[in-house]
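So the structure is just underneath, and the comments pick up after that.
The values are calculated or read from the model by the stated rules, or taken from the named source; none is laboratory data. As the structure is a computational prediction, the values presented were derived from the model and not from experiment. All Cβ positions, glycine included, derive from the backbone under ideal geometry; neighbour counts span all protein chains shown. The area values use the complete protein model at the heavy-atom level, side chains included, leaving out ligands, DNA and RNA. Shrake-Rupley method; radii C 1.70, N 1.55, O 1.52, S 1.80 Å.
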Amino acid sequence: MALDPTLDTYALAVVAAAGVVAAGMHATALAGSGKPWPARRVLTANLISTAVVGMAVAEGARHVPLSLDLVPVLLVAAIAGHTLGPRGPGWLFLVILSAIKRLPGVPDDLPPPPTDPQPPELSGTKEPADA
């Protein structure tokens, strides 16, 4: 499969906008929850992973054989990105890995996917310090 040498700037803008909308929806939900904000590092990681999921959904919607308008694509990307949130990249990895395992010619002894796709340091919880 060769890379397409043409650059579709409109599609690139839609994918970028979907990432921004997904991260914005996640931040808005955090702000409206009434809970204290997580640490800056955790918040940044959560917003970036949410944006990545929104961008992946928008890119996937681009390859659907239906003609989709801009607003529904942004809404689906925002809802999927916000719903999956920081767990999204791990979930997408598991989906891709299971699709690869179904391909013909792939050995059956591939290692199993990790059970917890989110690293513990991004969960927002602090472990008690050893005394």
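For this structure, a couple of remarks:
- Per-peptide packing, taken as the mean over residues of other Cβ atoms within 10 Å, places 34-45, 96-107, 12-23 in the sequence 12-23, 34-45, 96-107 from highest down.
- Net lengthening on full extension, Thr83/Ile96 (0.36 nm per residue, minus Cα-Cα): 2.8 nm
- Given a 1.4 Å probe and the protein chains as shown, Leu75 ends up with an accessible area of around 100 Å².
- Seen from Ile96, the other residues with C-beta closer than 14 Å to its C-beta sum to a net charge of +1, counting Lys and Arg as +1 and Asp and Glu as -1.
- For the range 12-102, the relative contact order comes to 40 percent (Cα pairs under 8 Å, sequence separation of at least 6).
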